[in-house]
Amino acid sequence: MKVKKLNELFPDIASNTEVTGIKINSKEVEKGDIFVCTMGVTADRHDFIDEAISNGACAVVVSKDVGEKSVPLIRVKDTNSYLRELCSKYYDYPYNKLEMIGITGTNGKTTVAEIIYQLLGDDCAYLGTNGRKWKGKSLSMRNTTPDVDRLYRYLTEFVNDECKELVMEASSEAFFRHRLDDIKYHIAVLTNITEDHLNIHKTLDNYIECKCQLFRQVEPDGFSILNSCDVNFTRVLASSKGTILTYGFKETDTLYIKNYEEVANKLKITFIYKNKEYMVLSPLLGEFNVLNIAAAILVCLAKQMKIEEVLAKVENLKQIEGRLEVLPFTNKYMVMLDYAHTTDALDKILTYLNKIKKNRIITVTGSAGGREREKRPSMGKVVLEKSDYVIFTMDDPREEDVNQIIDDLLATSDLTNYERIIDRKEAIYKALAMAEEDDIVFITGKGRDNYMALGKEYLPYSDYEVIKSYFVEVAEK
């Protein structure tokens, strides 16, 4: 990327200072950055101009009068929408230099995106809940779909490293906040839609509309790939552009799942494609993964890959981090790490675990603070009914009281097969210590997240590292 100067981006400004980046977080501003005073959910970033300047901002973009400052001020009508325009210009429209593949849905986004990333190989980059990955690199992120200033910077990294395509998780919040408005997608995929994120969208109808937006942004010669089993299939179909491809359990589907069964710790799936039958053995287990794998296969077929080549790669898929991930620390019992944090996802996974269990299911879970309280009772009910024992604990409580969150989880169940341990590390240690031979210890809600949201802070924390440390301590004893 050619270095831009301030007067190139803003011809009315005389300064030829080299611009080093664009930031909306004043604490992250470095010398030469332009600071854009966007309006956040809880913060007006005009309040942090002085901090940004002291950190080295060379100019500030504002939407209201802030008085005289020691650096140039650029006045615009709406800083939030202007941020996309500025980042596009500064980073040379990186989204136009990649074949964009977007995945949306309530559950399964990360798994489908990671499967596609594995199947497409070195020319592909991945961006989503599990961070960003490309060319052997792997870096964490906090949001599924980052704010525009970060997103366009990451896209530029991929372009500079000669990636040809990007598979990205496209969250409903990202469409709600207009982070993705500039992007045209070559391929868009729907996993499913169940009720979630109503703290942001307020109604299920609004939530579905944001999911539909991905398919409106598909290029005319692109593909909309839809799950025909989803209850909102018809509505998403009405919004879809490009060629429509479907997957599911209907004979009319482009990729028809004829049947599946588990054989020797493999998932044997039979597909019908273009009137021909194909069989594949997948290392990823569970009915939900039948659909996830089908979606990923259709993406590859839309890209003109041969089905035989794709199925051969499916048989060599690696486990998806933090998604029904069986950890290798003990052979005595199974330790499973997952991200499930909706009633639907918990129900499907626990139903599957009950099919394969040889002894007990011990579940460690919670519910995020500052999010929909309405879904907590149904989450708690399904976990209690489908686990032998549950330890309720914190899961990004933010400014909510953890005991109140757990009370919400228990609100509609009379079952008593649980305890509450507020500290998540202590809760995980308790579950692992009480596990007996052939138990399943199911630790869910955070997957491979590397933080805990406590109060207004994001503190370093990882379920994976906690589990690993437990077994290290046991070994040392």
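The values are calculated or read from the model by the stated rules, or taken from the named source; none is laboratory data. Fair warning: this is a prediction, and the values are worked out from it, not measured in the lab. Cβ coordinates were reconstructed from backbone atoms using ideal geometry, including for glycine residues, and neighbour counts include every protein chain displayed. These area figures cover heavy atoms from the full protein model, side chains too; ligands, DNA and RNA do not enter into them. Shrake-Rupley method; radii C 1.70, N 1.55, O 1.52, S 1.80 Å.
Cβ-Cβ distances below 8 Å connect the following pairs, each with a first residue in region 384-397 that is under 14 Å from ASP408 (Cβ atoms) and assigned to a helix (DSSP H, G or I), a second residue that is of a type in the set (Phe, Trp, Tyr) and at pLDDT 95 or above, and a separation of six or more residues or different chains: LEU384/TYR418.
Assessment of region 115-125 against the conditions (more than 19 Å from the chain's Cα centre (by Cα), surrounded by fewer than 23 Cβ atoms within 10 Å (Cβ to Cβ), of a type outside the set (Phe, Trp, Tyr) and farther than 29 Å from LEU337 by Cβ) yields at least one matching residue.
Hey, could you check region 130-161 for residues that are of a type in the set (Val, Ile, Thr) and assigned to a loop (DSSP other than H, G, I, E, B) and say which is least open to solvent (accessible area, probe 1.4 Å)? Once the filter is applied, the top-ranked residue is THR145.
From the list GLU372, GLU325, GLU419, the one residue that fits, being over 24 Å from PHE288 (Cβ atoms) and charged (D, E, K, R), is GLU419.
Looking only at region 267-308, which residues are at positive phi and of a type in the set (Lys, Arg)? Break it down into steps so the answer makes sense when it comes.
Our first condition is that a residue be at positive phi; within region 267-308, this holds for 274-275, 286, 304.
LYS274 - this is the single residue of region 267-308 that is at positive phi and of a type in the set (Lys, Arg).
Applying the criterion of being in a helix (DSSP H, G or I) and of a type in the set (A, V, I, L, M) to the residues of region 327-380, the residue that is farthest from SER462 (Cα to Cα) is ILE356.
Within the group LYS164, LYS64, which residue is on the phi < 0 side of the Ramachandran plot, open to solvent by 10 Å² or more (accessible area, probe 1.4 Å) and out of contact with any Cys (no Cβ under 8 Å at 6 or more places or on another chain)?
None of the other options fit; the residue is LYS64.
Of everything in region 420-477 that is outside any strand (DSSP E or B) and among the polar types (S, T, N, Q), the residue that is farthest from the chain's Cα centre (by Cα) is SER469.
Being open to solvent by 10 Å² or more (accessible area, probe 1.4 Å) and touching a residue at least 60 places away in the same chain (Cβ under 8 Å), is that true of even one residue in region 198-208? Quick ask: steps written out before the conclusion?
Of region 198-208, the ones open to solvent by 10 Å² or more (accessible area, probe 1.4 Å) are 198-200, 202-206.
With touching a residue at least 60 places away in the same chain (Cβ under 8 Å) added as a condition, the list becomes 198-199.
There is at least one residue in region 198-208 that is open to solvent by 10 Å² or more (accessible area, probe 1.4 Å) and touching a residue at least 60 places away in the same chain (Cβ under 8 Å).
Within region 287-325, being part of a loop (DSSP other than H, G, I, E, B), surrounded by fewer than 20 Cβ atoms within 10 Å (Cβ to Cβ) and not charged (D, E, K, R) holds for GLN304, MET305, ASN316, LEU317, GLN319. Pairs meeting the criteria (first residue in region 344-357 and under 12 Å from GLY108 (Cα atoms) and open to solvent by 50 Å² or more (accessible area, probe 1.4 Å), second residue modelled with pLDDT under 95 and in a helix (DSSP H, G or I), beta carbons under 8 Å, at least 6 apart or on different chains) are LYS348/GLU287; LYS348/PHE288.
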